[in-house]
Amino acid sequence: MKKWIAFWNILVKDMKNYYLKPPNISWGIIFPFAWTLMFLLRSKSDVDIRDILPGIIAISILFGTTSMLAVTITFERKGRSFERLLLAPIDLNLLMMAKTAGAIIFGIMNAFVPIVFSLFFINLSGVNWISVIVSVVLISVTSTFLGLFIAVSVNEVFEAQTFSNFFRFPMIFLCGLFIPLSQMPVFIRPLSFVLPLTYGVDILKAAINNDGYISMWISFIALILFGLFMFLFSIRNVKRKWIM
Amino acid sequence: MNILEVKELKKSFGNFTAVKGIDFAVKKGEIFGFLGPNGAGKTTTINMLTGLARPDEGTIFLSGIDCVKDIKKAQHKIGIVPDESNLYDEMNGFDNLAFCASLYGIEKKKREKKSKELMEIFGLADTGKKPFKAYSKGMKRKLTIAAGIIHEPEILFLDEPTTGIDVESARQIRKLISTMNENGTTIFMTTHYIEEAERLCNRIGFIVQGKIVRTGTVEEMMQEVQTDNIIQFTVDKDLKSIQEKLTIDFPKFVIETVDNFTLRIGSSEKVSLMPFMQFFNSHQYTIHEAKIIKPSLEEVFVKVTGIEIDKMKKEKEGGKRK
Ligand SMILES: Nc1ncnc2c1ncn2[C@@H]1O[C@H](COP(=O)(O)OP(=O)(O)OP(=O)(O)O)[C@@H](O)[C@H]1O
Ligand SMILES: [Mg+2]
């Protein structure tokens with residue numbers, strides 16, 4: 001019970017202080033909004049929007065989570081307030097879950113901006129909503145944990161920012177969003193398969209447009225494994241690097 | 001009874017050994033002062049005791065809990081005030097305290113009551129709505145101390161609580177430390193202000209270059225340098241004319257002149273004032289002042305460590321300003 005008081009308050013504090021602060025929330029909404037609008041303006045028919053929706057959802061999540069988490073944690077480490085968390089009688093796993101929960105929720109919220117927005121323009125019947133929701137959650141989790149992975153690898157806020165982009169941009173181009181996996185040059189394809197976003201986008205594509213490339217179950221399992229690996233790796237690094 | 005027992009504690013960073021196998025114990029209810037120059041290993045030691053650093057070797061027992069094995073079990077008994085005030089800049093004073101309380105699983109009603117109480121005790125009641133970043137240095141420090149005791153820890157670790165703070169705030173902070181101690185909190189504090197340690201602490205450990213060179217009560221330490229009882233007289237006329245007479249009349253005493261009007265009388269036994277007052281009187285001297293000269297902890301420190309205090313302080317302040 002006691003530890004959940006800590007968990008909940010860490011989550012609420014981060015939400016209030018970081019994610020739901022006007023600059024961030026507007027970034028979180030404007031960004032997906034702008035992407036959606038950009039594609040909308042370019043597309044000539046309904047089919048097009050539906051085609052690009054999975055990508056926009058994935059990118060919205062990615063931009064709301066990875067760098068956000070990496071930066072907030074690095075920022076708290078610089079100001080040394082992060083030490084308070086390490087000094088509290090909270091198990092490290094639970095602590096890191098509390099720290100990441102805010103970004104995960106924020107990522108999920110961001111994902112629904114383009115979904116709700118596109119509902120005004122196109123008919124989304126026939127979408128497998130359960131798969132959409134599960135994959136939105138899993139993309140959010142893995143992108144957030146990628147942020148955690150970055151946070152434990154850097155010391156400065158600007159490094160967190162740069163490092164996030166280092167992962168983020170190649171991921172956008174290699175995840176099958178602009179170039180479908182099936183058309184990707186064979187020698188690049190392995191690279192796509194080591195990126196968690198690829199699996200997330202593929203589930204979304206299958207759920208929304210029924211044109212998945214990978215079996216949905218494999219994608220789910222891959223995402224879960226990615227998430228697990230990045231979380232455990234990060235915890236290990238926290239123990240090694242932050243508790244000297 | 002010992003609340004904290006530390007044995008053979010060792011910590012290296014690469015090839016450099018910051019803490020070289022130290023042993024000490026802190027008694028329940030006391031204020032233990034950890035005194036040492038820059039880089040002596042004070043903060044590193046606190047970090048190991050509280051769970052921010054892992055010892056390479058040694059044992060730490062806090063209220064019987066093995067902290068090396070399972071620090072998480074002990075952490076609710078521990079309060080920490082680091083050498084830099086490290087609360088959340090964007091949050092106001094009250095929210096900062098309430099948040100810190102929540103980390104220890106304290107329920108909403110209780111943590112709000114407690115935060116309000118502490119804001120008042122620490123004289124911060126009318127700053128509760130200001131964000132932490134708008135606090136002055138002294139206020140920040142006070143709030144950080146309040147955050148350290150909000151979960152009513154058994155032992156509070158204070159890392160240089162008054163460094164970089166003006167005289168008045170430092171005085172208030174020392175008072176708060178005393179009050180917390182009177183209310184039953186054991187205190188472990190580091191400082192480089194010897195007078196502060198002398199005034200505040202029951203027992204003191206000197207640490208130099210990662211080694212504890214001496215521990216003991218303030219009185220015990222004083223005894224080491226207090227081999228003599230010394231009384232100092234200041235009179236109204238030049239002492240030269242009676243100096244010889246003095247040594248003849250008081251052969252058992254060591255008599256030293258400080259300046260033309262001041263002299264010190266020392267003895268391994270108790271010095272009684274009366275004979276000297278009569279002596280001065282009969283030679284038509286008026287005594288302006290007579291006082292007992294006590295050795296200070298500073299002398300003990302210099303004697304034990306060979307480090308000059310002024311030098312240590314200057315380095316410290318220069319270092320902190322960077
Ligand atoms: N993370 C670290 N990596 C390498 N060396 C370190 C680290 N932390 C501390 N040290 C070194 O260990 C020694 C002890 O440092 P520590 O901070 O414990 O000293 P201190 O007694 O607290 O000094 P001060 O009075 O300046 O706060 C110093 O020489 C310091 O440079
Ligand atoms: Mg220090």
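Charged side chains reduced to their Cβ positions (Lys and Arg at +1, Asp and Glu at -1) give region A:2-243 a dipole of some 800 debye around its Cα centre. Each of residue B:219 and residue A:51 was given a label point 7 Å from its Cα along the Cα-to-Cβ line. The distance between the two points is 9.0 nm.
Working note: Cα gyration tensor of the protein assembly as shown, eigenvalues times five, square-rooted, sorted largest first, giving semi-axes of 67, 22, 19 Å.
Accessible surface for the protein assembly as shown, divided over its residues, is 47 Å² per residue with a 1.4 Å probe.
The dipole here belongs to the protein assembly as shown: it is taken about the Cα centre, uses +1 on the Cβ of Lys and Arg and -1 on the Cβ of Asp and Glu, and is about 1220 debye.
Considering only beta bridges that DSSP places wholly inside chain B, some 70 percent are antiparallel. Across peptide A:84-94, the average count of Cβ atoms from other chains found within 10 Å of a residue's Cβ is 6. A simple packing score, the average count of other Cβ atoms within 10 Å per residue, orders the peptides B:43-53, B:18-28, A:123-133 as B:43-53, B:18-28, A:123-133, with the highest score first.
Comparing A:61, A:214, A:104 in a Gaussian network model of chain A where C-alpha atoms under 10 Å apart are linked, the largest mean-square fluctuation is found at A:214.
Under unit Cβ charges (Lys, Arg +1; Asp, Glu -1), what dipole magnitude, rounded to 20 debye, does region B:227-292 have relative to its Cα centre? Using Cβ point charges on Lys, Arg, Asp and Glu, region B:227-292 gives about 100 debye. Shown here: region B:152-281, whose C-alpha atoms stretch 63, 32, 30 Å along the first, second and third principal axes, sorted largest to smallest.
Projecting the Cα atoms of B:71, A:179, A:102 onto the charge dipole of the protein assembly as shown (Cβ charges, centred on the Cα centre) puts A:179 farthest toward the positive pole. Taking N as the residue count of region B:227-292, its C-alpha radius of gyration divided by 2.2 N^0.38 Å amounts to 1.00.
Residues of region B:255-295 falling in the label zone of residue B:245, defined by backbone nitrogen less than 11 Å from a point 7 Å along Cα to beta-carbon, are B:279-285. Checking the Cα-Cα distances for B:42/B:77; B:140/B:175; B:77/B:129; B:27/B:137; A:13/A:78 against a 22 Å cut-off, the pairs over it are B:77/B:129; B:27/B:137.
Computed over Cα pairs, the Kirkwood radius of region A:141-222 leads via Stokes-Einstein (0.890 mPa s, 25 °C) to a diffusion coefficient of 181 µm² per second.
Seen against the Cα atoms of chain A and their longest principal axis, helix A:196-209 is set at about 40 degrees. With a cut-off of 19 Å on the backbone N, the residues of region A:207-244 near the modelled label site 7 Å out from residue A:182 along Cα-Cβ are A:207-219. Quarter the surface of the alpha carbon convex hull of region B:85-149 and you get the mean projected area, 3.7 square nanometres.
If you plug the beta carbon distance of residue B:228 and residue B:183 into 1/(1 + (r/R0)^6) with R0 = 35 Å, you get a FRET efficiency near 0.35.
For the peptide A:15-23, the mean number of other protein chain Cβ atoms found within 10 angstrom of a residue's Cβ is 1.
Spatially, region A:183-232 and region B:23-70 are offset by 49 Å when compared through their Cα centroids.
With semi-axes defined as the square roots of five times the eigenvalues of the C-alpha gyration tensor, the equivalent ellipsoid of chain A measures 32, 19, 16 Å, largest first.
Along its three principal directions, the equivalent ellipsoid of chain B from the Cα gyration tensor extends over semi-axes of 46, 24, 17 Å, largest first.
For the peptides A:141-148, B:255-262, residues were scored by their other Cβ atoms within 10 Å and the scores averaged per peptide; the highest-first order is A:141-148, B:255-262. Would you work out which of A:234, A:55, A:5 lies farthest towards the positive end of the dipole of the protein assembly as shown, given +1 charges on the beta-carbon of Lys and Arg and -1 on that of Asp and Glu, about the Cα centre? Sorting the options by dipole projection puts first A:55. For chain B, adding -39500 (n - 2.57) for each run of n ≥ 4 DSSP H residues and dividing by the number of residues yields -11500 deg cm²/dmol at 222 nm.
If both residues of a DSSP beta bridge must be in the protein assembly as shown, then about 70% of such bridges are antiparallel. Candidate cross-link partners of residue B:252 among the lysines, defined by an alpha-carbon separation under 30 Å and a same-chain spacing of 8 or more, comprise B:237, B:240, B:270, B:291, B:294, B:303. The distance separating the Cα centre of region B:123-165 from that of region A:98-143 comes to 42 Å. Comparing B:251, B:131, B:295 in a Gaussian network model of chain B where C-alpha atoms under 10 Å apart are linked, the largest mean-square fluctuation is found at B:251. The mean count of C-beta atoms from other chains within 10 Å of the C-beta of residues in A:66-79, rounded to a whole number, is 1. Inter-label distance, residue A:92 to residue A:78: 2.5 nm, where each label sits 7 Å from its Cα along the C-beta direction.
The values are calculated or read from the model by the stated rules, or taken from the named source; none is laboratory data. Quick caveat: nothing in here was measured; it's all calculated off a predicted structure. All Cβ positions, glycine included, derive from the backbone under ideal geometry; neighbour counts span all protein chains shown. These accessible areas exclude ligands, DNA and RNA; they are computed on the full protein's heavy atoms, side chains included. Shrake-Rupley method; radii C 1.70, N 1.55, O 1.52, S 1.80 Å.
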